[in-house]
Each structure stands twice: as C-alpha cells, then as structure tokens.
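Take a look at the structure below.
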Amino acid sequence: MDILEILKNNDATLEEKLQSKILNDGSYTNAEYVDDFSEISPEWDEAIITSESATVPIFVSMKLGEDTSDKTVYEANITVNATFSNFSNENFDITEIELVRTSF
C-alpha cells in the first residue's frame with residue numbers, strides 16, 4: 001500500500017493526530033480555547049509524495065471560544081501543510097505542520 005493510501009484509509013487517526021498538534025500549539029488557534037473541530041478536509045489532489053513522506057494541505061474549521069464572561073464562540077478556518085512520515089504497519093507521524101492561511 002502506498003503512503004497516500006495509508007493516510008486516506010486511516011482518516012480517523014490522521015484527524016486525531018492533527019487535532020492533537022493544533023491543540024498543543026496555540027499559534028494555530030490564536031491562543032484561544034478550541035470548543036470544537038467542525039471540519040478537517042485533506043486536499044489529497046494537492047499532496048506532494050516522496051518515497052518516505054507526504055505533505056498534504058489540510059483545511060481545518062474550528063469553533064474557538066474566548067475566555068470571557070459571555071463565552072463568545074466564533075468560527076476560525078486555517079489551512080496547514082502537514083508532513084507525514086515514519087510509516088510502519090499503517091501507522092504514521094506528523095513530523096511538521098506549516099500554517100498556510102488563516103481566517104478568524
């Protein structure tokens with residue numbers, strides 16, 4: 001199975017790993033609380049594949065909640081280039097994430 005197929009066939013794992021990376025780095029969320037991830041959409045047709053890794057643009061829509069008394073929640077959209085590598089037994093790591101676009 002090729003690298004791209006491994007990623008496509010393990011979309012739940014991909015989403016879980018990406019969410020974890022985003023939650024652990026406040027620069028992707030404007031340092032605000034993530035209330036919910038609304039959408040995670042890899043752009044497979046724009047993926048760059050090498051023999052050992054794949055870089056995939058991924059659109060992420062999330063609801064961010066401000067830490068205020070009224071708990072205002074708003075939609076934020078980002079696009080990241082996520083690089084996946086260390087493929088073994090249909091498992092993989094996200095080794096790098098680069099922020100490409102934001103819309104808060």
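Where a number appears in this text, it was derived from the coordinates with a stated rule and is not lab data. Just so you know, these numbers come straight off a predicted model, no measurement behind them. Counting neighbours? That spans all protein chains shown, and the Cβs are built from the backbone with ideal geometry, glycine included.
What to note about this one:
- Glu90 sits among other residues whose Cβ lies under 15 Å from its own Cβ, and their net charge, with Lys and Arg +1 and Asp and Glu -1, is -3.
- The helix-only estimate of mean residue ellipticity at 222 nm for the chain, built from DSSP H runs of length n ≥ 4 each weighted as -39500 (n - 2.57), is -5500 deg cm²/dmol after division by the residue total.
- Across region 85-90, computed HN-Hα scalar couplings (Karplus, 6.51 cos²θ - 1.76 cosθ + 1.60, θ = phi - 60°) run 7, 6, 6, 7, 6, 6 Hz from first to last residue, x flagging Gly and Pro.
- Relative contact order, whole percent, for region 4-104 stands at 22, derived from Cα pairs under 8 Å and 6 or more residues apart.
- With θ taken as phi - 60° and the Karplus curve 6.51 cos²θ - 1.76 cosθ + 1.60 applied, the whole-hertz 3J(HN,Hα) list for region 96-101 is 7, 10, 10, 6, 9, 8 Hz, x standing for glycine and proline.
- Relative to the longest principal axis of the Cα atoms of the chain, helix 11-23 runs at roughly 50 degrees.
- Coil-residue trypsin sites (Lys or Arg not before Pro) of region 26-104, DSSP, other Cβ within 10 Å capped at 14: Lys71
- Between the C-alpha center of region 1-41 and that of region 71-96 there is a gap of 4 Å.
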